Amino acid sequence: YSFRFSFIVSNNIVSGLKYTNTVWKTGVRVENQKMMLGTFSPQPEPYIYVGEEETTPAGIFARGSYSAKLKFVDDDGKVYLEMSYYFEIRKDWPTGQ
């Protein structure tokens, strides 16, 4: 998997934008990824960031439901986006009918 973000800076320069992605399984933090994206000036076209490809855990112990929180914040501590999401790792997926 990899993350791909597209965003527009409208009015002011965004200095030191970074994101954190924290993942939990059954209440235990299993990953905490932080990435500095940089400083961005206003422009009408969107900026696009494509992260490096990561590998999900495999095997019986990795299977299950996960919760995660993604957060974008700048050097001043201003939060631009904060969202939660959920995913599941399974051995077999049901086929569509």
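Points worth noting:
- Criterion applied to Arg4, Arg29 was being in contact with a Gly (Cβ under 9 Å, 6 or more places away or on another chain), closer than 30 Å to Ile89 by Cα, open to solvent by 60 Å² or more (accessible area, probe 1.4 Å) and not aliphatic (A, V, I, L, M), and the one residue passing it is Arg4.
- The stretch 32-58: number of residues that are among the hydrophobic types (A, V, I, L, M, F, W, C) and surrounded by fewer than 11 Cβ atoms within 10 Å (Cβ to Cβ): 4
- In the stretch 1-21, residue nearest to the chain's Cα centre (by Cα) [restricted to those that are aromatic (Phe, Trp, Tyr) and in a strand (DSSP E or B)]: Tyr19
- Scope the stretch 59-97; condition outside any strand (DSSP E or B), surrounded by 10 or more Cβ atoms within 10 Å (Cβ to Cβ), touching a residue at least 24 places away in the same chain (Cβ under 8 Å) and out of contact with any Lys or Arg (no Cβ under 8 Å at 6 or more places or on another chain); matching residues: Ala62, Asp75
The values are calculated or read from the model by the stated rules, or taken from the named source; none is laboratory data. Small disclaimer: the values here were computed from a predicted structure and weren't measured. Neighbour counts are summed over all protein chains in view; Cβ atoms, including those assigned to glycine, are modelled from backbone coordinates with ideal geometry. Accessible surface is based on the protein model in full, side chains and every heavy atom, while ligands, DNA and RNA are left aside. Shrake-Rupley method; radii C 1.70, N 1.55, O 1.52, S 1.80 Å.
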